[in-house]
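The structure appears below as structure tokens.
The values are calculated or read from the model by the stated rules, or taken from the named source; none is laboratory data. Being a predicted model, the structure only gives us computed values, none of them experimental. Here the Cβ positions follow ideal geometry from the backbone for every residue, glycine too, while neighbour counts run over all protein chains shown.
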Amino acid sequence: MSIINPHGKEILSVTVDYCGRPLTLEVNRVGFRSTASVLVRYGDTVVLGTAQVGSRPVQLDYFPLSIDYEEKFYAAGKISGSRFIKREGRPSDEAILIGRLIDRPIRPLFPKGYRQEVQVVASVLSMDPSFRPDSVAMIAASAALMLTGTPFDGPVAGVRVGRVNGEFKAFLTAEEREQSDLDIVVAGIETGVTMVEAGANEVSEEVIGEALEWAFKAYQPAIALQRELVAKVQPVAQEYELILPNEEVQSEVDAWISDKLGQKLRAPYPERNEMVNELRWSFHEVFGEKLGEDYTKELRDEYDEAFTMALHKDVRRGIVEEQTRPDGRKLDEVRVLSSEVGVLPRTHGSSIFTRGVTQGLNIVTLAPLSYAQVVDTMEVNDGERRYMHHYNAPGFTVGEVRRLGSPGRREIGHGYLAERALIPVLPTEEEFPYAIRSVTEIMSQNGSTSMAATCSSCLALMDAGVPIKRPVSGIAMGLMMDGDKPYVLTDIADAEDFAGDMDFKVTGTSEGITAIQMDMKLHGLPVSILKMAISGAKSGRAHILEHMLTTMATPRTALSPYAPRIEKIKINPDKIGAVIGKGGEMINKITSETGAEIDIKDDGLITVASPDGASIEKALNWIKSLTEEPEVGRIYEGKVVSIKDFGAFVNILPGIDGMVHISQLSNERVENVTDVLSDGQIVKVKLTGIDERGRLSLSIKDAA
């Protein structure tokens, strides 16, 4: 029996088995005034995907598409842990990253020149805590777009895959994610992949390739389900007009520029950039004089776009026909490398990494573990970030005047990629009890600043004395397709990125890959080509790593004199209360009297930080006295706390008393305990035994 909504429309739904659970898409229940809305349910996760399309094209020189992912704390039965802010406001970095994850496979599937304003929002209304909701949100966004009637060449689906005990699996639990050596999201259409993002614990290129194949097959049922929904709904195709360069204008521009391209524009960066800028100015002067008053801003923009298209075609022609790149490099050649460490005198660690014109300055700061960032998201297992990588790239880095502001989606995404690249090689908290902040200040851009951030952060970490397992390098690769033939480019610059069909970044150590990010401008690529591209990155990554090792091969053995000194002690978790004391009285007393900063973890790891070594030692001794476990055979200095006819009780450690039997008071016979001991007397005793009930036997005569 069909269900009719309040507006007389039938509520439609379709369901398929997807990676072991039912996946259901439903329309006409909510969102009546949106262009399209879809409720997606998977397990107990429910995501609302909405798509709103503007009624007319906007006068912009780009496609105004926005895709956002909305966290709702109520979806997980949570209230924000912030003391002051309880309603959802600015999206968390995690929500921004998931929004980018959804955006990247969808954006290339609209035709060039489409200018309708499109807004897509994926809102998580209910969240099953047993798996992450991001790939469900991607399906919701795609399904909503499929029902708008726009020229969206979908549907798109994606799946997050891990590997536990050598077996691939989707929708891992939190416990399985901890065990997995791979965390990869693969998204695409029915015929190919359009986006890949991965973090890995030094896995091989072969494993990544197998994961791509597994994921591509796994997400196909979600593609078919969206097509089934479209067939039921039968959305009306919207009328639209593509804003494309005028063919006559393009031909005119091609004719003018044809004898000025090729070898005449091949030069190392930044000389080539300057040559292109001079050519562009000359171009506009010529056509400005030719067309006079008719050369309005709108027409000038059209001619400028045609000029850019001609440059892109020339870049592609040189690579495909001559295997020569705009700056004269071979396809597998890396730009000139330079790096140094210890460049800033007062920071805990610093480095500069330069590759061609791209340059990153990185600064590492160390602090006690209490300075780790508390992650407050709707997901249940949000926890803390002990390692934080932040990325900044102001306007001067690309030669532009640009207002300063808070980091955008690009900055957050680049910082996250570089952060993910280093996490697998960081020491544990027990090995290195510090919170670590790494900041990359981009100094100059000409392609792949995220990989400059990765390399510079690795060098700065080693300069700071962080004992990483192995150095990490990263490289940006490009791909151009000529029919079915792929051309893989090592270490791409901006000109090749703009003209190319795919860019991808690969980071890793000598032992394997730690992170990948792949974005396609084509409507999907076969897994076989992606596997070939990933393998091609290995030699370039090794070349950059070899250079980095000449600058700094291993971490420094000593910290900067300006870094805080931190010592650690591991105690029985049952003793944590003794250190904290009633209402925090004891720990407050220790910190106030010693001047040390103390951080306590639930597993019993205690770190003590201070610039003064004596302060640390005093605090550690105090903590040891509060948490020390009695040791049989050891001699203690204790205080008599109670006298009985049969002996005396002596306090040897805070909260721990033992009994000295009258026979253990002296080598000679003792008639009365009070003949030898008195209340409050300080005596030396030896712990001779602990019975099954935990009672301590002490001896004064054996301690002599």
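Here's the yes/no breakdown for (1) in contact with a Phe, Trp or Tyr (Cβ under 8 Å, 6 or more places away or on another chain); (2) closer than 30 Å to N273 by Cβ:
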{"position": "T490", "(1), (2)": "no, yes"}
{"position": "G500", "(1), (2)": "no, yes"}
{"position": "T509", "(1), (2)": "no, no"}
{"position": "V527", "(1), (2)": "yes, no"}
{"position": "S535", "(1), (2)": "no, no"}
{"position": "S539", "(1), (2)": "no, yes"}
{"position": "A553", "(1), (2)": "no, no"}
{"position": "E567", "(1), (2)": "no, no"}
Residues that are closer than 14 Å to I690 by Cβ and either among the β-branched types (V, I, T) or in a strand (DSSP E or B) (or both), drawn from the range 627-671: V632, Y636, I652, L653, I656, D657, G658, M659
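Of V207, V236, which residue is of a type in the set (V, I, T) and under 30 Å from K9 (Cβ atoms)? Lay out the reasoning, then the answer.
Details: V207 fails: under 30 Å from K9 (Cβ atoms).
Of the residues listed, the single one that is of a type in the set (V, I, T) and under 30 Å from K9 (Cβ atoms) is V236.
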Sole residue being under 21 Å from G383 (Cα atoms) and part of a strand (DSSP E or B), chosen from V124, V53: V124
Per-region count, the range 512-532, residues surrounded by fewer than 23 Cβ atoms within 10 Å (Cβ to Cβ), within 18 Å of E202 (Cα to Cα) and in contact with a Ser or Thr (Cβ under 7 Å, 6 or more places away or on another chain): 1
Boolean, L60 is of a type outside the set (D, E, K, R), within 28 Å of A198 (Cα to Cα) and touching a residue at least 40 places away in the same chain (Cβ under 8 Å): no
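In the range 515-524, what residues are hydrophobic (A, V, I, L, M, F, W, C) and more than 15 Å from A211 (Cα to Cα)? Explain how you work it out, then say what you get.
Let us first name the residues in the range 515-524 that are hydrophobic (A, V, I, L, M, F, W, C), namely 515-516, 518, 520, 522.
Those that are hydrophobic (A, V, I, L, M, F, W, C) and more than 15 Å from A211 (Cα to Cα): M520, L522.
Would you call L426 surrounded by 24 or more Cβ atoms within 10 Å (Cβ to Cβ) and in the same structural domain as L366 (by TED's automatic domain parsing)?
No.
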Residue ID - farthest from K521 (Cα to Cα), chosen from residues in the range 258-313 that are surrounded by 12 or more Cβ atoms within 10 Å (Cβ to Cβ) and among the small types (G, A, S): G288
Test: residue in the range 393-401 that is among the small types (G, A, S) and crowded, with 20+ Cβ neighbours inside 10 Å: yes
Only one of V579, V650 that is surrounded by 18 or more Cβ atoms within 10 Å (Cβ to Cβ) and farther than 25 Å from T428 by Cα: V650
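Mind listing just one residue for me: the one in the range 465-501 that is in a strand (DSSP E or B) and touching a Pro at 6+ places or on another chain (Cβ under 9 Å) and, of those, surrounded by the most Cβ atoms within 10 Å (Cβ to Cβ)? Steps first, answer last, please.
Of all residues in the range 465-501, those in a strand (DSSP E or B) come to 473-482, 485-490.
In the following step, the residues that additionally are touching a Pro at 6+ places or on another chain (Cβ under 9 Å) were identified as 479-480.
Working: L479: 25, M480: 20.
It comes out as L479.
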Exclusive hit being part of a loop (DSSP other than H, G, I, E, B) and either modelled with pLDDT of 85 or more or in contact with a Phe, Trp or Tyr (Cβ under 8 Å, 6 or more places away or on another chain) (or both), set M378, M388: M378
